[in-house]
Amino acid sequence: MRKEKVFPIGNMTSQLLAIYFLNDLDHYIKEKLYCKYYVRYMDDFIIFHHDKERLKVIKKEIEEKLKEFKLELNKKTNIYDLKHGFGFLGYYFFLKGKRLIIKINSQTKRRIKKKMRKLKKINAPNYENVKASYMGYLKVAHSKNLLKKLDL
């Protein structure tokens with residue numbers, strides 16, 4: 001049985017390690033693989049490209065580079081057609097005509113509702129700060145109805 005070494009999500013140490021270990025990968029992807037449209041947050045990243053075959057090559061190259069750090073891509077890693085949409089950081093992105101639509105995924109909605117109800121019920125002193133944080137997160141997406149439901 002293989003023991004995995006992991007840090008809890010949200011832990012400052014995990015954030016620093018993601019920056020430290022993946023900085024070289026960032027430079028490799030941008031400067032060696034010439035990926036113009038690359039976004040990374042912690043250990044989640046996306047690369048946009050119009051050529052599916054090019055993305056397959058990029059994926060193989062990244063897998064090889066990660067071996068140098070004794071890391072590997074998550075089993076969920078895949079190449080998606082933007083027309084069919086994809087999830088990233090709790091959002092769901094898809095094209096509608098030529099317009100990019102960003103929605104909040106169902107699991108994230110449930111988690112936000114549950115947390116806000118709990119904080120309100122116990123009259124938490126940080127309620128307003130948490131509310132402001134979620135408002136910023138939700139405003140990125142097409143989520144006016146959710147904002148109304150949450151009274152944000």
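So, in segment 120-130, exactly how many residues are touching a helix residue (DSSP H, G or I) at 6+ places or on another chain (Cβ under 9 Å), under 17 Å from Arg110 (Cβ atoms) and open to solvent by 40 Å² or more (accessible area, probe 1.4 Å)?
Final tally of qualifying residues: 1.
Which of the following residues is within 30 Å of Asn145 (Cβ to Cβ), at pLDDT below 95 and touching a helix residue (DSSP H, G or I) at 6+ places or on another chain (Cβ under 6 Å): Gly97, Gly90, Gly85? Show your work before the answer.
On the way: Gly97 fails: touching a helix residue (DSSP H, G or I) at 6+ places or on another chain (Cβ under 6 Å); Gly85 fails: touching a helix residue (DSSP H, G or I) at 6+ places or on another chain (Cβ under 6 Å).
Only one candidate qualifies: Gly90.
Where residues in segment 100-119 are of a type in the set (A, V, I, L, M) and open to solvent by less than 40 Å² (accessible area, probe 1.4 Å), which of them is farthest from Phe86 (Cα to Cα)?
Leu119
Mind telling me which of the residues Gly90, Gly97 ends up being open to solvent by 50 Å² or more (accessible area, probe 1.4 Å) and among the small types (Gly, Ala, Ser)?
After applying the criteria, what remains is Gly97.
Is it the case that some residue within segment 4-16 is open to solvent by 50 Å² or more (accessible area, probe 1.4 Å) and modelled with pLDDT of 85 or more?
Within segment 4-16, none of the residues are open to solvent by 50 Å² or more (accessible area, probe 1.4 Å) and modelled with pLDDT of 85 or more.
A quick yes/no check of all residues on (1) in contact with a strand residue (DSSP E or B) (Cβ under 9 Å, 6 or more places away or on another chain); (2) more than 28 Å from Lys109 (Cα to Cα):
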position	(1), (2)
Met12	no, no
Leu22	yes, yes
Arg40	yes, no
Asp43	no, no
Ile47	yes, no
His84	yes, no
Leu89	yes, no
Tyr92	yes, no
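Residue under question is Lys56, and the condition is that it be assigned to a helix (DSSP H, G or I), loosely packed, with under 14 Cβ neighbours inside 10 Å and not polar (S, T, N, Q); does it hold? Outline the logic, then answer.
Values: assigned to a helix (DSSP H, G or I): yes; loosely packed, with under 14 Cβ neighbours inside 10 Å: yes; not polar (S, T, N, Q): yes.
Answer is yes for this residue.
Of everything in segment 118-136, what is touching a Leu at 6+ places or on another chain (Cβ under 9 Å) and not aliphatic (A, V, I, L, M)? Give them in sequence order.
The answer is Asn126, Tyr127, Lys131, Tyr134.
Quick check on Tyr28: is it under 26 Å from Tyr134 (Cα atoms), hydroxyl-bearing (Ser, Thr, Tyr), in contact (Cβ under 8 Å) with a residue 12 or more places away in the chain and out of contact with any Gly (no Cβ under 6 Å at 6 or more places or on another chain)?
On the way: under 26 Å from Tyr134 (Cα atoms): no; hydroxyl-bearing (Ser, Thr, Tyr): yes; in contact (Cβ under 8 Å) with a residue 12 or more places away in the chain: yes; out of contact with any Gly (no Cβ under 6 Å at 6 or more places or on another chain): yes.
It is false that Tyr28 is under 26 Å from Tyr134 (Cα atoms), hydroxyl-bearing (Ser, Thr, Tyr), in contact (Cβ under 8 Å) with a residue 12 or more places away in the chain and out of contact with any Gly (no Cβ under 6 Å at 6 or more places or on another chain).
Mind counting the residues in segment 33-42 that are under 16 Å from Tyr20 (Cα atoms) and surrounded by 14 or more Cβ atoms within 10 Å (Cβ to Cβ)?
So the count comes out to 2.
Starting from segment 64-81, take each residue that is of a type outside the set (Gly, Ala, Ser) and modelled with pLDDT under 90 and list its partners that are open to solvent by 100 Å² or more (accessible area, probe 1.4 Å) and not in a loop (DSSP other than H, G, I, E, B), counting only C-beta distances under 9 angstrom and pairs at least six apart or across chains.
Once the first residue is of a type outside the set (Gly, Ala, Ser) and modelled with pLDDT under 90 and sits in segment 64-81, its partners that are open to solvent by 100 Å² or more (accessible area, probe 1.4 Å) and not in a loop (DSSP other than H, G, I, E, B) give Asp81/Lys52.
Quick one: what pairs do we get from segment 100-125, first residue closer than 25 Å to Phe88 by Cα and part of a loop (DSSP other than H, G, I, E, B), second open to solvent by less than 100 Å² (accessible area, probe 1.4 Å) and of a type outside the set (D, E, K, R), C-beta under 9 Å, 6+ apart or different chains?
Hits for this filter: Asn105/Gly87; Asn105/Gly90; Asn105/Tyr91; Asn105/Tyr92.
The values are calculated or read from the model by the stated rules, or taken from the named source; none is laboratory data. None of the values given here were measured: they were computed from a predicted structure. Here Cβ is always computed from backbone atoms with ideal geometry, including for glycine, and neighbour counts include all displayed protein chains. Ligands, DNA and RNA are stripped out before the accessible areas are found, and what is left, the full protein with its side chains, is counted by its heavy atoms. Shrake-Rupley method; radii C 1.70, N 1.55, O 1.52, S 1.80 Å.
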